[in-house]
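Let me begin by handing over the structure; questions about it come next.
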């Protein structure tokens, strides 16, 4: 179970399931941590989230579980619970996303963990914290709804919309990984443990950045604007002869380059449009002028011209087209996890490291596939407390 990478030697007992926790632990595994995925007899819920699938396996599950070891334990069975405790005995990090109070019966609540394993970094991910929101299930869509995300997403004259992915599960997973890494650094060579607690709603409000800051610092109540940006224009999709193209002008210089490329340099000197504030105030008139000029060519033609002129722009692609676009840019977005017949194509870890790059040694495991290896590791590996002594 040895691995290479900047987190080599770090052992993670992963009792999480679905998305936020597994995404966090996959990132740690990619960076060299040994991650033991402890699953119930029924397995991670995402194993059954089909379609889509690859060779009968849910691609949802595949997306967040590479480089892990899977073992099945029923915590209500005393022998299995003892095995779970033995795994944690030998771990540096314990990650779980059970409902608040759900682990107390197994001696794995925060207080019990801190007492029994004072060296351990214990990361808990909940939906809405452990107080007033303790009984609320931790579904990403609920966090999108109550955070204001849905309220600011969608057409101005349409209903609130969810994001096309469980974005706050992903962000909470990233926040958990940051908290764990900071705790590992803080611990250094000592036996200091720490409880790292996160919840989807707090991650959501943090991730709303300018929208939530405007609410708390200026009393602003943002509304749905479709694809419009509340503070920037032109910034979004614009019609061309055949389909939309996204144009992003974040400053006056970019706007001037845009209108010069459109052969409407007069717009840059028009007193209605000389500053960002004025362009925001006169969106309708400016959009009409820009789209009239854009009607002279196709989106693909404009993409090439605007790119050459240094104007930030992009086509609007499908996810499959997005992967191919990244390939064309040389970003190599697809990597094979595992080896031989067990190889599974997965999306590359976005972190590039020159000396200790992410690894892709192991495909997402079948349910309980690594039980024998984990049990053998327990037999030959003393608990962390014994090694410190």
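Restricting attention to the stretch 122-170, which residues are part of a loop (DSSP other than H, G, I, E, B) and under 24 Å from residue 350 (Cα atoms)?
Of everything in the stretch 122-170, those that are part of a loop (DSSP other than H, G, I, E, B) and under 24 Å from residue 350 (Cα atoms) turn out to be 163, 164, 165, 166.
Take residue 68 and tell me if it is in the same structural domain as residue 106 (by TED's automatic domain parsing) and either within 21 Å of the chain's Cα centre (by Cα) or surrounded by 16 or more Cβ atoms within 10 Å (Cβ to Cβ) (or both).
Answer is yes for this residue.
Taking the residues in the stretch 327-344 that are touching a helix residue (DSSP H, G or I) at 6+ places or on another chain (Cβ under 9 Å) and surrounded by 14 or more Cβ atoms within 10 Å (Cβ to Cβ) as candidates, determine which candidate is nearest to residue 11 (Cα to Cα).
Here the answer is 337.
Within the stretch 202-227, can you find the residues that are buried (at least 17 other Cβ atoms within 10 Å of the Cβ) and either without any contact (Cβ under 8 Å) to a residue 12 or more places away in the chain or more than 14 Å from residue 151 (Cβ to Cβ) (or both)?
202, 203, 207
Looking at the stretch 235-351, what helices (runs of 4 or more DSSP H) fall wholly within it and have at least 3 residues that are closer than 30 Å to residue 29 by Cβ?
Correct list: 319-328.
Residues that are under 22 Å from residue 199 (Cβ atoms), surrounded by 18 or more Cβ atoms within 10 Å (Cβ to Cβ), assigned by TED's automatic domain parsing to the domain that holds residue 168 and free of Cβ contacts under 8 Å to residues at least 40 places away in the same chain: does the stretch 14-25 have at least one?
no
Now for a separate question. Say whether the condition of being modelled with pLDDT under 95, in the same structural domain as residue 63 (by TED's automatic domain parsing), out of contact with any strand residue (DSSP E or B) (no Cβ under 7 Å at 6 or more places or on another chain) and surrounded by 16 or more Cβ atoms within 10 Å (Cβ to Cβ) is met by at least one residue in the stretch 119-129.
Yes, there is a match, as at least one residue in the stretch 119-129 is modelled with pLDDT under 95, in the same structural domain as residue 63 (by TED's automatic domain parsing), out of contact with any strand residue (DSSP E or B) (no Cβ under 7 Å at 6 or more places or on another chain) and surrounded by 16 or more Cβ atoms within 10 Å (Cβ to Cβ).
Just give me the residues in the stretch 120-134 being more than 22 Å from residue 27 (Cβ to Cβ) and in contact (Cβ under 8 Å) with a residue 12 or more places away in the chain, in sequence order.
If the condition is that a residue be more than 22 Å from residue 27 (Cβ to Cβ) and in contact (Cβ under 8 Å) with a residue 12 or more places away in the chain, then 128, 129, 130, 133, 134 are the ones that fit.
Another question about this same structure. In the stretch 178-220, what residues are more than 27 Å from residue 135 (Cβ to Cβ), within 24 Å of the chain's Cα centre (by Cα) and outside any helix (DSSP H, G or I)?
Selection gives nothing.
Residues 252, 285: which one is out of contact with any helix residue (DSSP H, G or I) (no Cβ under 8 Å at 6 or more places or on another chain) and either in contact (Cβ under 8 Å) with a residue 24 or more places away in the chain or not assigned by TED's automatic domain parsing to the domain that holds residue 24 (or both)?
Going through 252, 285 in turn, just one is out of contact with any helix residue (DSSP H, G or I) (no Cβ under 8 Å at 6 or more places or on another chain) and either in contact (Cβ under 8 Å) with a residue 24 or more places away in the chain or not assigned by TED's automatic domain parsing to the domain that holds residue 24 (or both): 285.
Of all residues in the stretch 43-91, which are under 19 Å from residue 18 (Cβ atoms), assigned to a helix (DSSP H, G or I) and out of contact with any strand residue (DSSP E or B) (no Cβ under 8 Å at 6 or more places or on another chain)?
Within the stretch 43-91, 45, 60, 61 meet the criteria.
Looking only at the stretch 295-314, count how many residues are out of contact with any strand residue (DSSP E or B) (no Cβ under 6 Å at 6 or more places or on another chain) and under 15 Å from residue 242 (Cβ atoms).
Number of matching residues: 8.
The values are calculated or read from the model by the stated rules, or taken from the named source; none is laboratory data. Quick caveat, the model's predicted, so the values are computed rather than measured. Don't worry about glycine lacking a Cβ; one is built from the backbone with ideal geometry, like all the others, and counts go over all protein chains shown.
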